[in-house]
There are 2 protein chains.
Amino acid sequence: MNRPTTTIKQIADATGVHPSTVSRALDPKKRHLVADDVAKRIVAQAAALDYQPNRLAANLRLGRSDLIGVLLPDIANPVFAPILGGITEVLSAEGYAPIVADAGNASSQQIAFVERLLSQRVDGLILATVSQDDELVGFCIQRGLPVILVNRSEARDRVSSVVSDDDMGMRLAVDHLIGLGHRHIAHVAGPLSTSTGALRRDGFERAMSHHGLRGVVREAIGYTREAGEQAAIHLLAATRDVTAIVAANDLLALGVLDALKQRGLRCPEDISLVGHNDMPLMDVVSPPLTTVRIAHREMGRIAARMLAEQLKGGSPEIRHVILRPELVVRGSTGNSMFWR
Amino acid sequence: MNRPTTTIKQIADATGVHPSTVSRALDPKKRHLVADDVAKRIVAQAAALDYQPNRLAANLRLGRSDLIGVLLPDIANPVFAPILGGITEVLSAEGYAPIVADAGNASSQQIAFVERLLSQRVDGLILATVSQDDELVGFCIQRGLPVILVNRSEARDRVSSVVSDDDMGMRLAVDHLIGLGHRHIAHVAGPLSTSTGALRRDGFERAMSHHGLRGVVREAIGYTREAGEQAAIHLLAATRDVTAIVAANDLLALGVLDALKQRGLRCPEDISLVGHNDMPLMDVVSPPLTTVRIAHREMGRIAARMLAEQLKGGSPEIRHVILRPELVVRGSTGNSMFWR
DNA sequence: GTCCATATTGCAATCGATTGCATAATGTCA
DNA sequence: TGACATTATGCAATCGATTGCAATATGGAC
């Protein structure tokens, strides 16, 4: 930094009052403690000298930083842009600045990021990174750091979260395919170490058994397009009569499309496909993807709001906000060929 | 915050030395000033008490913050995720934390964001937001705030930037279309107030006149899919014989696709289309988009590296890094029907 | 043991904003 | 004018880390 910046002392010298009076006059909550004419002179001088408060100094005194850490597992995954958009929108409105970390999936790396954030004295964290039994969450709880989980949750009820109703999402997908005549339906699951992976797998099986059916599941090793392709290749090699696939997210679905193309299978003519998330651009992929839409921007907003409330002394009790998903039917699903 | 955290004084009390000795022992650059046995005791005690330095305090003393502001014009535009990924990767490696702001396009809003960042005493800024003659850049220069521009530049040579060679990019696009037999080529330009809008428009015209041709240009009012659609609708209504369109970026290209579909035109059979950026997923849109690829992640890395160097006392002279684009041919371009 | 050079450590101040409490100033009323 | 209550302002300390300089300790040579 090292740029000359105006201090409260300079304003005090210029107005002939004490620095504490300057501080009071410039704080809207303390303004009433200063005489009107004095305050006006102080405000004018602050503007004339381009005064910008040093939040480092104020926050050192106040024991806060106005900074919030936001950890993403993969910043390049398009689903996180709207989440991050919602988060930054609300944090900004609440007077916080979001430090964004592309934290990956290894807890040692995530903990290293959080240690860095701790030394910046962040007021709280929003984590989009958690696994079912998350080491980082334990680390944060141990240090009394306020945390909100977004998009994924823990199996344990340790901290508040904002997630989508994965059970319902899978029910919507399976019911839609059953309605099209499909009976042999497979599921390309996300990593079962994540709540989204596990809950969507469970939801898939529940929805299938609701129709007296049993589906095939293949876990992908990550939430990437490549992992989805690999899982689909294995799945298609292991089963013969699958007519539809439900993927745990849209990137996995795109990987399934890659695998179908590779085997000369058409979607939806040979195999119908449903994704999850309705991340940006799913309406212009080929074929336009039928998917379970989650209001990601709203999810980010809610998470940020919950954290801001908690930081402002609100209720510390643990809450889970479950967003209602909706099915968006596009061109990747069609009637089962056994029904045509 | 308000969490009890270990201070240097607590370690000093526990080891029976002065706080300044603790400070020296814990700083790798000062470690040699402390006796080995003393230093070892201090380090052990710091670990036992889970000491985490308070960077607020240290940075107040040092006149720095280790924070970098990153301003994006639209966080939800998929092209920014890889740029942001490259930026966060290098800043993190250099010991900085990136505060991300979704700053929009209005300079008053952008300046408000930067004022907030100034009060957090950010060490520098990376701006992806600039227009040709940017008010915010002037604001930052006036205050001695180090700035690097990424993806867009200014007409004036005031600050360093990392951008793509837009002239070459447009040349690649036009040459490709000419090679396919197209002669009546139009350009859906981005906002001409931005460097990318203006330079790509200029590059288009230069490439066309290189072939002794003249193209039609229609400016879109923003870099959104909707603006692209509107511009294409007007363009198609105004001209009759266009067989190919070069869009200033991929989102505009998707808007052009929307307009073509609306008019019952097929791409590439009726009209070929070239985008710009190769943002994520352009290979799975329908048709797979031929586009000019920019190495966005690398762009973000370079920008962050340049800023870090500048902050570490490196050369303050103004540099422009121009990345070489490449043409990625997919399914949205085909032979001109006049040539078939 | 003495002297000198070097290494080690502590002291006091700094960074800039905030605030509890004491002091000073002001206004009202008799 | 004096007494009292209220308002306004200044003082001194705090937050936690860093560091120039002075003081102290240590080690080696004679």
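Where a number appears in this text, it was derived from the coordinates with a stated rule and is not lab data. Note that the structure is predicted; figures quoted are calculated from it, not measured. No Cβ is skipped: glycine too gets one built from the backbone with ideal geometry, and neighbour counts run over all protein chains shown.
Remarks
- Region B:69-166: radius of gyration over Cα atoms, expressed as a fraction of 2.2 N^0.38 Å: 1.00
- With all projection directions averaged, the alpha carbon convex hull of region A:8-53 covers 2.7 nm².
- Each copy carries residue B:49; placing its label point 7 Å along the C-beta direction from Cα gives inter-copy distances of 3.7 nm, listed from smallest up.
- For residues of A:111-118, the mean tally of beta carbons on other chains within 10 Å: 3
- Unit charges on C-beta of K, R, D, E only; dipole of region B:166-294, Debye: 260 debye
- Net charge of Cβ neighbours under 12 Å - reference residue B:47; Lys, Arg +1; Asp, Glu -1: +1
- Taking amide H as placed 1.01 Å from N in the peptide plane, the amide H of residue A:293 sits under 5 Å from that of A:277, A:326, A:327, A:328, each at least 5 places away or on another chain.
- For region B:264-285, there are no residues whose amide N sits under 15 Å from a probe point set 7 Å from the Cα of residue A:226 along the beta carbon direction.
- Counting all C-alpha pairs of region A:9-94, share separated by more than 18 Å (%): 59 percent
- Other-copy label distances relative to residue A:27, 7 angstrom Cα-Cβ extension, nm: 3.1
- If R0 is taken as 25 Å, the Cβ-Cβ distance between residue A:234 and residue A:265 corresponds to a FRET efficiency of 0.95.
- In sequence order, calculated HN-Hα J values of region A:275-288 (Karplus, 6.51, -1.76, 1.60; Hz; x Gly/Pro): x, 7, 2, 6, 5, x, 6, 5, 7, 10, 6, 10, x, x
- Helix axis angle, A:296-311 relative to chain A longest principal axis, alpha carbon, degrees: 40 degrees
- Between the beta carbons of residue B:241 and residue B:202, assuming R0 = 30 Å, the FRET efficiency works out to 0.80 to the nearest 0.05.
- Alpha-carbon Debye profile of region B:166-294, log10 I(q)/I(0) at 0.13, 0.14, 0.15, 0.17 Å⁻¹: -0.42, -0.49, -0.57, -0.75
- Amide H contacts of residue B:67 (H built 1.01 Å from N, under 5 Å, at least 5 apart or other chain): B:97, B:123
- For the rotational copies B and A, the chain B residue with its Cβ nearest the relating axis, together with that separation in Å, is B:286, 2.
- The dipole here belongs to the protein assembly as shown: it is taken about the Cα centre, uses +1 on the Cβ of Lys and Arg and -1 on the Cβ of Asp and Glu, and is about 1000 debye.
- To the nearest ten degrees, helix A:250-262 and the longest principal axis of the Cα atoms of chain A are 40 degrees apart.
- At R0 = 22 Å, FRET efficiency that the Cβ-Cβ distance of residue A:335 and residue A:193 yields, to 0.05: 0.05
- Peptide A:187-199 is shielded by partner chain Cβ atoms: per residue, an average of 0 of them sit within 10 Å of its Cβ.
- If you wrap region A:106-222 in the convex hull of its Cα atoms and look at it from every side, the mean projected area works out to 7.7 nm².
- Calculated from backbone phi, Karplus (6.51, -1.76, 1.60) coupling profile of region A:39-52 in Hz, x at Gly/Pro: 4, 4, 5, 5, 4, 4, 5, 4, 5, 4, 8, 6, 5, 10
- Amide H contacts of residue A:164: A:323, each under 5 Å away and 5 or more positions distant or on a separate chain (H built 1.01 Å from N in the peptide plane; Pro and chain starts excluded).
- Pair-distance profile P(r), taking every C-alpha pair of the protein assembly as shown, with 10 angstrom steps and integer %: 3, 14, 21, 23, 20, 12, 6, 2, 0
- Partner shielding of B:119-127 amounts to 4, given as the average count of beta-carbon atoms from other chains within 10 Å of each residue beta-carbon.
- Taking the longest Cα principal axis of chain B as reference, the axis of helix B:166-179 is set at about 30 degrees.
- Formal net charge of residues neighbouring residue A:134 (Cβ-Cβ distance under 15 Å; K, R +1; D, E -1): 0
- Between copies, the label points of residue B:265, set 7 Å from Cα on the Cα→Cβ line, lie 3.7 nm apart, reported in increasing order to one decimal in nanometres.
- Based on DSSP H segments of at least four residues, each scored -39500 (n - 2.57), the protein assembly as shown has a per-residue ellipticity at 222 nm of -13500 deg cm²/dmol.
- Potential lengthening between residue A:93 and residue A:133 on full extension [0.36 nm per residue; Cα-Cα distance subtracted]: 11.2 nm
- Against the empirical curve 2.2 N^0.38 Å, the C-alpha radius of gyration of chain A lands at a ratio of 1.27.
- Each Lys or Arg adds one and each Asp or Glu subtracts one; over the other residues with Cβ under 15 Å from the Cβ of residue A:25, this totals +3.
- Value of Rg to Rh for region A:230-314 (Rh from inverse mean 1/r over Cα pairs, i.e. Kirkwood): 1.20
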